[in-house]
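Heads up: the structure comes next, in structure tokens.
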Amino acid sequence: MLEALADYRRLGRYGFTPPGHRQGRGVDARVLDVIGRDAFASDVLAAPGLDDRLSQGGYLAHAEELMADAVGAQRTYFSTCGSSLSVKAAMMAVAGGCDGGLLVARDCHKSIVAGLIFSGVVPRWITPRWDTERHFTHPPSPEQVRRAWEKYPDAAGALVVSPSPYGTCADIEGIARVCHERGKPLIVDEAWGAHLPFHPDLPTWAMDAGADVCVVSVHKMGAGFEQGSVFHLQGDLVDPVRLRHCADLLMTTSPNVLVYTALDGWRRQMVQRGREIFDSALRTARQARTELDRIPGIDVMEEDLLGVEASHDLDRLQVLMDISESGVSGYEADAWLRNHRRIDLGLSDHRRLLATLSFADDAETVETLVAAMNDWRAQARPSDTPRKIHVPEPDELLLETAMLPRDAFFGSTEMVPIGKAAGRIAAEQLTPYPPGIPAVIPGERLGEGVLDYLRTGHDHGMNLPDASDPELEQIRVVAG
């Protein structure tokens, strides 16, 4: 893809086709001052443009073959619509039209819930593991997946998220073995795992652990543009033609060549220098974790995330800090760091902050992070009138599924005051973002514990971008 784009620009090709800006010729100078002319010069039509109208150059197909070879998959597909598209395509390919539904880990991303709504697939929830002391969930174990299969033997397959947004990882090999004993495929939403195939000291990549379909956001932990995603396939449990067709149903017909070329460039960079690059990245992460853990009142979580009742492995580039000792919530600390030190963190919750390091970080960026955290800690004081976020017990978080997500979302709905919503069936997602794990899914019966969590969290700075009422005074529920 990179070579094809270089040739396109070298030959001075010109298209009487979209995009209408004509390689930047028509773009307002004020826009070019910010974005730059080169970005527009590379924003060309995929076909007919970069390739001919029949795609006879095969640039995209060859780039996908090279990516599959780089990571050891049988087939790879590029997506310019993020892993949100890729995971929906995988769900539809595996479980679309299957009455038995799909086993889905309940700590899934909101894009998976969107896939359930689009497809009408019945979710068969796998309960995550709870750390009640730290108010934290871990990916499900192979035994939990086995129990789900025993309860729902007619499900079409299973879907788990690993690594989680916190960097914790499931035992993919064990889960894949449980699925394959039944001849059923395993989909892994590995959106946070673009780097995993390229260094032995990182958690095991899903394809190496036996997953059938693996969805990866290259823009998260790799060098892709936002929305750059790939999904990989191996084995004979998922029809590759059906998977491609499902992706085509969801894919834009105007893919962004910039996104494609960045995916291709990331693949080449990793094949040539991946081991060396992540040797350095892991050293940088060790430095960051050590220095941050020395700050009084900051606990860099590691060993307490691992173990028999916890997660199977941990991506140490995800630096999770428990700041509960400070008496300040993660939401408040996040806002202070952005407003006073121009630092944005990947995630905050009621008691934690997450700094996501990448292969591009180094001693200088770590020093900036550590200095900012030291400055925050030096001034952090609990409020004289602290607002407390209600954190439910696990049984309060496990809501009853009373309707299919699709039926609840598309059915007749009404808005009710949040104080009167308990017992009603939700018709919308309510998702603290990040990390993007829904607290409420359409079709679930609302409980007081979850409503109190969302209400107090919202008052404390929790972001709920998909709520119909941004002030969370009302909730959308199934009518009647």
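Every number in this text was worked out from the coordinates using simple rules, so none of it is lab data. Quick caveat: nothing in here was measured; it's all calculated off a predicted structure. Methodologically, a virtual Cβ is constructed for each residue, glycine included, from the backbone with ideal geometry; neighbour enumeration extends over all protein chains shown.
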### Query
Rg(Cα) of the chain divided by 2.2 N^0.38 Å?
1.00
### Task
For region 76-155, state which trypsin sites (Lys or Arg not before Pro) are in a DSSP loop and have at most 12 other beta carbons lying within 10 Å of their beta carbon.
none
### Summary
Subtracting the Cα-Cα distance of Arg275 and Asn374 from 0.36 nm times their residue separation yields 32.4 nm
### Query
How are the Cα pair distances of region 275-379 distributed, in percent, across 10 Å bins from 0?
15, 49, 30, 6, 0
### Task
Would you kindly state the longest site-free stretch of the chain, with sites defined as GluC sites (Glu not before Pro) in a DSSP loop (not H, G, I, E, B) surrounded by at most 14 other Cβ atoms within 10 Å?
1-132
### Query
What lysines sit close enough to Lys388 to cross-link, taking a C-alpha to C-alpha distance under 29 Å and skipping anything fewer than 8 places away on the same chain?
Lys110, Lys420
### Query
Given the chain, what percent of its DSSP beta bridges are antiparallel, to the nearest 5?
70
### Message
Let's see if you can work this out: charge +1 on each Lys and Arg Cβ, -1 on each Asp and Glu Cβ, no other charges. What is the dipole magnitude of the chain about its Cα centre, in debye to the nearest 20?
### Response
1100
### Query
Fully extended, how many nm does the chain gain between Phe225 and Leu11 (0.36 nm per residue separation, minus their Cα-Cα distance)?
74.5 nm
## Note on the structure
Expected vector for region 444-460, Karplus 3J(HN,Hα) from phi with 6.51, -1.76, 1.60 and θ = phi - 60°, integer Hz, x for Gly and Pro, equals 8, 7, 5, x, 4, x, 5, 5, 5, 4, 5, 5, 6, x, 4, 5, 9
